[in-house]
Amino acid sequence: MKKIFKKGEILPLIGNEGIVVGALEASVQSVFTYPGTPASEIGNLFYKIKENYGIYMEYSTNEIVALESGAGTAFAGLKTLVAMKHFGANVALDALIPLAHTKPRGGMVIVIADDPSCHSSAQSEQDSRILWQNLYLPILEPSTPGEAKEFTKIAFTLSETFQKPVIIRTTTRVSHQGGPVKIGQIKIQKKKGVFKKEKERFDTMPPFVLKQKADLISLKEKIEKYLEKIGLNKISPGKIKEIGAITSGVSHLYLLESLKKFNISLPILKIDSFYPLPSKKIINFLRKKKKIIVAEEIIDLIEREVKILSKEVNPQVKILGKDIVGLVGEMNTEKTSLLLTEALKLKYQRTPKRKIKLPVKRTPRFCPGCPYWSIFNALAKEIKKEKVVFTGDIGCYMIGYFPPFEMQDTSLCMGSSLGLAHGIDKSTKQKVIAFIGDSTFFHASLPNIINIVNNQSNPLIIIFDNQITAMTGRQPHPGTPLKYKTHDGKKEIKIEKILTALGIENLTILDPIKENQLLREKIREFLKEDKLKVVICRHPCRYVNALEKAKLRY
Amino acid sequence: MNILLTGIGGQGIITLKKVLSYAVLKEGKFFRSSELHGLSQKGGEVLVHFRIADQEIFSPLIEKGGADLIISLDLHQASRVVDFASKKTIFIVDNSFSPFFQLKKFSQSDFLKIASPFSKKIFILEASKICQEKLDSDVYKGTALLGFACFQKIIPLKEKSMTWALKKVFPADLFQKNKKAFLLGKTL
Ligand SMILES: Cc1ncc(C[n+]2csc(CCOP(=O)(O)OP(=O)(O)O)c2C)c(N)n1
Ligand code: SF4
């Protein structure tokens, strides 16, 4: 079948595409993911090219399912990539920590994409690097699309060499950064895996798990040496001797930009592996320095380690980082310039704050023709929103938060609308309506719905069934009709069958556009009686076909 | 050169970025860009940072006040990004505004009032109108604005590289339309 990427070509790619090409160059054989910005393009691209490269790729039901399944193929000897956004790593964590103690036979790379400044993450600003404390797994941090490709290849070799999963951590400004990338040799590896039994490798029963933990921790030094040998964590020399900078990820680029602007040259240690941190190198770097700037995204994790290490060699050194730029929001050139001006006592004219009155911001809204307009219109017509609690969830239906509807009182994480509705219904006399999408239904709702049935609360659950995972770019999910799943999925799992099996009697399936009157009637019924009710509003997203139709053009 | 592309989710700003990217590489130049996906694309504001240079440049983001060129597919959106503009900034803006819940009207003079103090030159062009007339749809307006920027030599990219890039990015039928839109840029 036609190959998409040609050796030697220089293509404009974003970081996520760089990861895909890196995995192809490493001969990846199986890929598991659940969509989530800023990681989604990794899955999207694999979905479109998997047949061309003979790769097994699936959209799994959620991230822990993706991780466990990926562990399965890696245990059986296949080179495996699993990709998710940061919140997905929370969902997968229960499997991830024990997995770190095992030894996959095939190389296994796990991509986790953070979103500093929450550009596309309603829930919170999270730094996934903190996971290292329980994982002791290598965490590589690329800063450009080119590095995203190279580091993915390195991660596969590293994983095969040390028989451990390796994590690639990106942030939005790396995943969605565009730049030139040179395509290398892509070799396809088609072989079936074999699961060879070896309990001590794949099973984490205690007390053996403690031995596995000791082994895992003892790898640190070896991996540190290995990374040193292949030239990661480089120091670039600078003219000024007594001040140095330690950078990671995209913050490295911001600092370089600021240095250029001020025409200053500092020695820089660029941290490519957050774990293991190159501690010896850091210690040497700290010697004879008066000041150190640390530029990293989100939490001051490298900074804290540097502070601890400095106690040994150079307790006087002044370390400038999040004290100056703060712990909230993403890094940028303004922030690295601020660090430089503090460290070098430069006179830097910050662009003066201008007093301009900007017109109001355009908030997100449903696309023209979106079925959700009809659902919210029906709600708005039947309900005084002050009288009812709306527990929201994660998906396009969150746009109901914005004007003109403003019907969303809570949001935590995928599936949480149901738990919150249950708790609020149990503790108040108020009417509660819970919103949930179809992809989210499969991802995170079943335990909550079972709990609502079993422990008996009476919310109205509206399932926004647009037959696709719309918000993240229209990826298929288990309920997506076969006609929209051109590249995978042999089954269409019906939400209503699951609900009926759980004993939900008060169930209506309707088309919110064509049967809007019926929807309004159901809402009115709910307001009158005190009974659990589920309404599935089923009408395809206007762009339900988008992912499949999109032609691959490189 | 620092170019800020802005518009509303669904207008194809990310595709315009792709066109620029290919044209830049065709000429052996370097670029670095940054885009956002997700909620912001659902009819909200979209902003793409695009930096071109002869050699490697670093930050994927343009600093406040640092844009040399702002191309906007909407008058209101152009005024939303004046933070990135300064006395050296050229604006190329389509003369259109798509109303939204909180704002029903926004005129050329509303935009000029905000942007004029922070610009070297402002072009307000009838790209959507002309694309609608000549090509039956205003979806091509972004390409027309790129055409204008290219023919006026505001962006350092040749017509030939731009058409090559259009061909790379669009499938055959859409390429023809976009090429026409690009050439319409000459007449704007
Ligand atoms: C644990 C986790 N994984 C992924 C995401 C990214 N994400 C945001 S919305 C969404 C799903 C939306 O699908 P659906 O529930 O069908 O709603 P729709 O957007 O189609 O209305 C996802 C996966 C997330 N926020 N949290
Ligand atoms: S992407 Fe689909 S579900 Fe989301 S707002 Fe647009 S039409 Fe509605």
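Key figures
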read-out	value
The range B:163-180 residues that are of a type in the set (S, T, Y), paired with ones that are surrounded by 17 or more Cβ atoms within 10 Å (Cβ to Cβ) (beta carbon under 7 Å, 6 or more apart)	B:T163/B:K179; B:T163/B:F182
Unique residue being farther than 30 Å from A:D115 by Cα, in a strand (DSSP E or B) and either open to solvent by 40 Å² or more (accessible area, probe 1.4 Å) or aromatic (F, W, Y) (or both) when the list is A:I509, A:I513, A:I450	A:I509
Set A:I154, A:I188: member being assigned to a helix (DSSP H, G or I), open to solvent by 10 Å² or more (accessible area, probe 1.4 Å) and hydrophobic (A, V, I, L, M, F, W, C)	A:I154
One residue from A:K241, A:K211 being within 26 Å of A:A295 (Cα to Cα), open to solvent by 40 Å² or more (accessible area, probe 1.4 Å) and away from chain B (no Cβ under 14 Å)	A:K241
Criterion (away from every other protein chain (no Cβ under 14 Å), away from ligand 1 (no atom under 16 Å from the Cβ) and open to solvent by less than 20 Å² (accessible area, probe 1.4 Å)) met by exactly one of A:L99, A:L78	A:L99
All positions within the range A:388-400 that are touching a strand residue (DSSP E or B) at 6+ places or on another chain (Cβ under 9 Å) and within 16 Å of ligand 2 (Cβ to nearest atom)	A:G392, A:D393, A:I394, A:G395, A:C396, A:Y397, A:M398, A:G400
Filter pass, A:T37 being buried (at least 22 other Cβ atoms within 10 Å of the Cβ), near ligand 1 (Cβ under 10 Å from one of its atoms) and of a type in the set (S, T, N, Q)	yes
All positions within the range A:361-383 that are more than 12 Å from chain B (Cβ to nearest Cβ), away from ligand 1 (no atom under 11 Å from the Cβ) and open to solvent by less than 70 Å² (accessible area, probe 1.4 Å)	A:S374, A:F376, A:N377, A:A378, A:L379, A:A380, A:E382, A:I383
Residue ID - most open to solvent (accessible area, probe 1.4 Å), chosen from residues in the range A:296-338 that are aliphatic (A, V, I, L, M) and within 14 Å of another protein chain (Cβ to nearest Cβ)	A:L338
Tally of residues being acidic (D, E) and within 14 Å of chain A (Cβ to nearest Cβ) across the range B:139-175	1
Boolean, A:I504 is assigned to a loop (DSSP other than H, G, I, E, B), away from chain B (no Cβ under 14 Å) and within 16 Å of ligand 2 (Cβ to nearest atom)	no
All positions within the range A:161-181 that are open to solvent by 20 Å² or more (accessible area, probe 1.4 Å) and closer than 25 Å to A:Y56 by Cα	A:T161, A:F162, A:Q163
In the range A:404-421, the residues that are away from ligand 2 (no atom under 16 Å from the Cβ) and over 17 Å from A:T440 (Cα atoms)	A:E406, A:D409
Given (1) modelled with pLDDT of 95 or more; (2) open to solvent by 30 Å² or more (accessible area, probe 1.4 Å); (3) more than 10 Å from every other protein chain (Cβ to nearest Cβ), number of the condition B:G28 does not satisfy	(3)
Residue in the range A:470-477 that is part of a loop (DSSP other than H, G, I, E, B) and open to solvent by 40 Å² or more (accessible area, probe 1.4 Å) present	yes
Residue within the range B:82-101 that is more than 9 Å from chain A (Cβ to nearest Cβ), in contact with a His (Cβ under 7 Å, 6 or more places away or on another chain), among the hydrophobic types (A, V, I, L, M, F, W, C) and in a loop (DSSP other than H, G, I, E, B) present	yes
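Condition check ((1) more than 28 Å from A:A214 (Cα to Cα); (2) more than 14 Å from chain B (Cβ to nearest Cβ); (3) at pLDDT 95 or above) across all residues:
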position: A:V109; (1), (2), (3): no, yes, yes
position: A:H119; (1), (2), (3): yes, no, no
position: A:A122; (1), (2), (3): yes, no, no
position: A:P138; (1), (2), (3): no, yes, yes
position: A:P142; (1), (2), (3): yes, no, yes
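The values are calculated or read from the model by the stated rules, or taken from the named source; none is laboratory data. What you are looking at is a predicted structure, and each value in this text was computed from that prediction instead of being measured. With ideal geometry, Cβ positions are generated from the backbone for all residues, glycine too; neighbour counts draw on all protein chains shown. Accessible surface areas use protein heavy atoms only, side chains included; no ligands, DNA or RNA. Shrake-Rupley method; radii C 1.70, N 1.55, O 1.52, S 1.80 Å.
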